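Engineer: A single structure is presented below for examination.
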Amino acid sequence: MKMKVEEKLKESGYTLPQMRHPAGVYTLAKRVGSLLYIAGQTSDVNGIPEVAGIVGKDLTIEDGKRAARISALNVLSVIKTELGDLDNVKQLVQIIGFVRCADDCANYTQAIDGASELFYELYGDAGLAARMAIGAKELPGGSATEIMVTVEVEEKDH
């Protein structure tokens, strides 16, 4: 029997943070057909910055990867709230990651691997998504990362 995504999370030592409320005039998720678009999620836990700073200046790439994993956990929290079960994700379609990085940090894209690796660990090949990583001068709350994700939702027979 296939292990449930939440069991894999727990086995890996992760817990889902509480879903935060939007900080502006937007929604955290928007479903269009079988696609669920998740608004950008930063590396805070329950509204408190967990990994803040600049990758390549105050933070290492490994710190950036940890920040991206936290951003990914926040994405999963939104998905669970929207779908009721993380197993209702058929596949990840796209990840757009932002890394707050120093001007001369050429390998900042590796920080977003933290999110990609977590999604792959949980969903296998279905967790591999098309991806773009962008260097940013500033992110909300000084967060080191912010990621947006699009997932395809498993259509269940009723």
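The values are calculated or read from the model by the stated rules, or taken from the named source; none is laboratory data. None of these values were measured; they are calculated from a predicted model. No Cβ is skipped: glycine too gets one built from the backbone with ideal geometry, and neighbour counts run over all protein chains shown.
Engineer: Criterion first (at pLDDT 95 or above, buried (at least 16 other Cβ atoms within 10 Å of the Cβ) and more than 17 Å from Ala144 (Cβ to Cβ)) does Tyr108 satisfy it?
Structural biologist: no
So that you can scan it fast, the table gives a plain yes or no per residue for (1) among the polar types (S, T, N, Q); (2) out of contact with any Leu (no Cβ under 8 Å at 6 or more places or on another chain); (3) modelled with pLDDT under 95; (4) assigned to a loop (DSSP other than H, G, I, E, B):
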position: Met3; (1), (2), (3), (4): no, yes, yes, yes
position: Ala23; (1), (2), (3), (4): no, yes, yes, yes
position: Ile38; (1), (2), (3), (4): no, no, no, no
position: Gly64; (1), (2), (3), (4): no, yes, no, no
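Engineer: So, in the range 89-115, how many residues would count as being under 18 Å from Ile38 (Cβ atoms) and either free of Cβ contacts under 8 Å to residues at least 24 places away in the same chain or more than 15 Å from the chain's Cα centre (by Cα) (or both)?
Structural biologist: Residues flagged as under 18 Å from Ile38 (Cβ atoms) and either free of Cβ contacts under 8 Å to residues at least 24 places away in the same chain or more than 15 Å from the chain's Cα centre (by Cα) (or both) within the range 89-115 amount to 1.
Engineer: So is Ala136 over 13 Å from the mean Cα position of the chain (by Cα) and at pLDDT 95 or above or not?
Structural biologist: yes
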